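**Q** Please see the structure below; I have some questions.
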Amino acid sequence: MSHRPRSHRLSNARATGALLLFATVAGAGCGADFDPYDRLTSLRVLAVKSDPVAPAPGETTTLSALVYTPPPADAATPAPTVGYDWSWCPFAGTANDGYPCLVTEDQLQMLSGVPVSFSLGSAPTAMFTHAFPPELLKAICLGMPGLPPPPNCQDGFPVTIKLVVHTDTDSVTAIRTLKLLEAPAPEPNTNPTMGGLFVTVAGMDTPLDATVMLHRRADNALKASVTVDAAEVYQGLDDNGNPATLTERLFVSWFVETGTLKHARTGYNATTTSPFADLLTNVWVPERAQVFPPSTAQLIVVLRDSRDGVAWTSAIAGLEPAP
């Protein structure tokens, strides 16, 4: 199997309620058969988080990534060394072209009057400082000669964060949009928080860990710990563009190393009759031992809100030795 770099586009579901959270996946394997979206079998970037979510002028946000690396084939094989390459761009090209930056550092430095470097370093986390003067953001959003067409700046000026994660044998590229505010927000979005993961055992929610034996080829009821106030209430615009009091929509993506999940993604929308519990619950059917011999398997859960907030948690579950 030849090695090919892969690309993931990370974005949040918007007002349409779409649950497609990774819009671009290329070269994820060899041959015609691909693993399901929620199956963890190769190097993946499952989420990129910024804290604060949308920085105001002068603010520095911390960027972090949820990276999955497959476990070694045996105890004698060392875990792969993971490398990171962070960068950003105010006007990025298309995925087919590899997301090239359509402006240069010198162009942006002339406009902003401050030193500009698109590189954000090679550490597991990166720092991005919002150094754009507010008047420059306004001008760019209206359109400026010599620059690409202006983006949609309704929720802030969108810049592209690019992360290349690599090992000795694989590489994957993740893209995240970071919104830069023109002024401090009166109701800034905060990243949601998550508690632990649970499985139903004898009718009780039991913390999921390697001591809990899940049944193979059988339904195991899962539950993520999230409180309803993770969906923040804020003043914004409704689907018709009118001022309104809104509640964030929440979306959960579920990932496992083996077997199948009832849902790859679950969601909550306060304006519908869907109960909040639908966001939190799922069913996992681990594969039989002949297909997946390891005695444990990982579950990873990613929580997103509709204003670019992200959180995640994970657990290692024990698997019964047979069938």
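**Q** Give me Rg/Rg_expected for region 111-165, where Rg uses Cα atoms only and Rg_expected = 2.2 N^0.38 Å with N residues.
**A** With N residues counted in region 111-165, Rg over 2.2 N^0.38 Å equals 1.30.
**Q** Then there is this: Restricting the calculation to Cα positions, tell me the Rg (one decimal) and the Dmax (whole number) of the chain in Å.
**A** Values for the chain (Cα only, Rg and Dmax): 21.2, 67 Å.
**Q** Can you work out the FRET efficiency for the pair Asp278 and Thr167, with r the C-beta to C-beta distance and R0 = 56 Å, to the nearest 0.05? Show your work: numbers first, answer last.
**A** Numbers: r = 37 Å, r/R0 = 0.65.
So, using R0 = 56 Å, E works out to roughly 0.95.
**Q** Work out the length of the dipole vector of region 231-323 about its Cα centre, built from +1 on the beta-carbon of each Lys and Arg and -1 on the beta-carbon of each Asp and Glu, and round it to the nearest 20 debye. Each step should come with its number before you reach the end.
**A** Numbers: 6 positive and 10 negative charges, 44 e Å.
Roughly 220 debye for region 231-323.
**Q** Still on this structure, I have one more. Taking N as the number of residues in region 77-185, what is its alpha-carbon radius of gyration divided by 2.2 N^0.38 Å? Mind showing how you got there, number by number?
**A** Working: Rg = 15.6 Å, N = 109, 2.2 N^0.38 = 13.1 Å.
Scaled against compact globular proteins, the figure is 1.20.
**Q** Taking region 227-269 on its own, what percent of its Cα-Cα pair distances exceed 17 Å? Mind showing how you got there, number by number?
**A** On the way: 457 of 903 pairs.
When every Cα pair of region 227-269 is considered, 51 percent fall beyond 17 Å.
**Q** Among all lysine pairs in the chain that are eight or more places apart or on different chains, how many have alpha carbons less than 22 angstrom apart? Present the calculation step by step, with values, prior to reporting the outcome.
**A** Working: Lys49/Lys162; Lys49/Lys179; Lys138/Lys179; Lys162/Lys179; Lys223/Lys262.
Lysine pairs, 8 or more places apart or on different chains, close enough: 5.
**Q** Multiply the residue gap between Thr190 and Ser225 by 0.36 nm, knock off their C-alpha separation, and tell me the result in nm, one decimal place. Spell out each step's value before the answer.
**A** On the way: separation 35, 0.36 × 35 = 12.60 nm, distance 1.77 nm.
That pair, Thr190 and Ser225, stretches by 10.8 nm at full extension.
**Q** Rounding to the nearest 20 debye, state how big the charge dipole of region 85-167 is about its Cα centre with +1 on each Lys and Arg Cβ and -1 on each Asp and Glu Cβ. Mind dumping the intermediate values first?
**A** Working: 2 positive and 6 negative charges, 18 e Å.
The calculation lands at about 80 debye.
**Q** Take the Cα gyration tensor of region 95-137, multiply each eigenvalue by 5, square-root it, and list the three semi-axes largest first, rounded to whole angstrom. Kindly include the intermediate steps, with their values, before the conclusion.
**A** On the way: eigenvalues 83, 54, 19 Å².
Calculated on Cα positions only, the semi-axes equal 20, 16, 10 Å.
**Q** How far apart, in nm, are the 7 Å Cα→Cβ label points at Lys138 and Thr77?
**A** Rounded to a tenth, the inter-label distance reads 5.8 nm.
**Q** Follow-up question, since we're still on this one. So how strong a dipole does the chain carry about its Cα centre when Lys and Arg Cβ are +1 and Asp and Glu Cβ are -1, to the nearest 20 debye?
**A** Values: 20 positive and 30 negative charges, 103 e Å.
I would put it at about 500 debye.
**Q** On the accessible surface of the chain, probed at 1.4 Å, how many percent belong to carbon and sulfur atoms?
**A** Carbon and sulfur atoms account for 55 percent of the accessible area of the chain.
**Q** May I ask you to list the chymotrypsin sites (Phe, Trp or Tyr not before Pro) in region 190-296 that are in a DSSP loop and have at most 16 other Cβ atoms within 10 Å of their Cβ? Can you show the working numbers first?
**A** On the way: sites: Phe198, Tyr234, Phe251, Trp254, Phe255, Tyr268, Phe276, Trp284; in loops: Phe276.
Here the chymotrypsin sites (Phe, Trp or Tyr not before Pro) that fit, given the DSSP loop and packing criteria, are Phe276.
**Q** Let me ask you something else. Toward the positive end of the charge dipole of the chain, about the Cα centre and with charges on Cβ (Lys, Arg +1; Asp, Glu -1), which of Pro186, Pro36, Val82 goes farthest?
**A** Value: Pro36.
**Q** Further, regarding this structure: Find the Rg to Rh ratio for region 200-323, where Rh is the Kirkwood radius over alpha-carbon pairs and Rg uses the same atoms. Kindly include the intermediate steps, with their values, before the conclusion.
**A** Values: Rg = 17.2 Å, Rh = 15.9 Å.
On the Cα set of region 200-323, Rg over Rh gives 1.08.
The values are calculated or read from the model by the stated rules, or taken from the named source; none is laboratory data. Note that the structure is predicted; figures quoted are calculated from it, not measured. Cβ coordinates were reconstructed from backbone atoms using ideal geometry, including for glycine residues, and neighbour counts include every protein chain displayed. Please note that ligands, DNA and RNA were not included when accessible areas were found on the heavy atoms of the full protein model with its side chains. Shrake-Rupley method; radii C 1.70, N 1.55, O 1.52, S 1.80 Å.
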